[in-house]
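K.L.:
Attaching a single structure in structure tokens format; questions to follow.
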Amino acid sequence: MARRLEEGVDCAFTIDGPRGPRYVAKPGPVILARKTGCPILVFHIGVERGKTFEKTWDHFLLPAPFSRTVILFAPPIYVPSDASAEVMEAKHAEMQRELERVRDIAEGWYSLDEAEREKYRNEFNR
């Protein structure tokens, strides 16, 4: 993946890993960001209506046909190439906080009133 990023190709993966636990960020994105200089872009997609598969490790959510969605991106997280173990730990914690923040807002988006949505639009569209 580092090679592909250095070639200028965009890459993405789930930061909670292929087996979970769900919504717990793994250190891989921070390590990759330090190695490549590319930022970590944490995002979450909220769905208005859908079917949640409770028996999967990640509770996969299949959006209902014609359901609306919202995608929220946290500000980019940059990791210095010379980051110490303490900085790496701090960046990992920042990534986890941002994941929780955008997830909470995106998953509750369709229960917010218009004034609350506008507040978040202003915050995220800076």
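Here, each number is a calculation from the coordinates, and none is a lab measurement. Fair warning: this is a prediction, and the values are worked out from it, not measured in the lab. Ideal geometry is used to build each Cβ from the backbone, glycine not excepted, and the neighbour counts take in all protein chains shown.
K.L.:
Checking TRP57 against (1) over 25 Å from ARG126 (Cβ atoms); (2) free of Cβ contacts under 8 Å to residues at least 12 places away in the same chain: exactly one of these is not met. Which one?
P.N.:
Going through the list (1) over 25 Å from ARG126 (Cβ atoms); (2) free of Cβ contacts under 8 Å to residues at least 12 places away in the same chain, TRP57 breaks only (2).
K.L.:
Of the residues PHE43, PHE53, PHE73, which single one is touching a Phe, Trp or Tyr at 6+ places or on another chain (Cβ under 8 Å) and over 17 Å from PHE13 (Cα atoms)?
P.N.:
Being touching a Phe, Trp or Tyr at 6+ places or on another chain (Cβ under 8 Å) and over 17 Å from PHE13 (Cα atoms) holds for just one of PHE43, PHE53, PHE73, which is PHE53.
K.L.:
Looking at the range 1-23 only, could you name the residues that are exposed (fewer than 12 other Cβ atoms within 10 Å of the Cβ) and of a type in the set (D, E, K, R)?
P.N.:
Listed by number, the residues that qualify are ARG3, ARG4, GLU7, ASP10, ARG19.
K.L.:
Any chance you could count how many residues in the range 1-24 are closer than 22 Å to ASP82 by Cβ and not in a helix (DSSP H, G or I)?
P.N.:
So the count comes out to 1.
K.L.:
Within the group GLU100, GLU48, which residue is touching a Lys or Arg at 6+ places or on another chain (Cβ under 6 Å), of a type outside the set (S, T, N, Q), in contact (Cβ under 8 Å) with a residue 24 or more places away in the chain and farther than 25 Å from ALA2 by Cβ?
P.N.:
From the options GLU100, GLU48, the qualifying one is GLU48.
K.L.:
Quick one: which strands (runs of 3 or more DSSP E) lie wholly within the range 30-126 and hold at least 3 residues that are surrounded by 13 or more Cβ atoms within 10 Å (Cβ to Cβ) and within 18 Å of the chain's Cα centre (by Cα)?
P.N.:
Qualifying strands (runs of 3 or more DSSP E): 43-47, 69-73.
K.L.:
Please state which of the following conditions LYS26 fails to meet, knowing it meets all the rest: (1) surrounded by 15 or more Cβ atoms within 10 Å (Cβ to Cβ); (2) in contact with a Leu (Cβ under 7 Å, 6 or more places away or on another chain).
P.N.:
(2)
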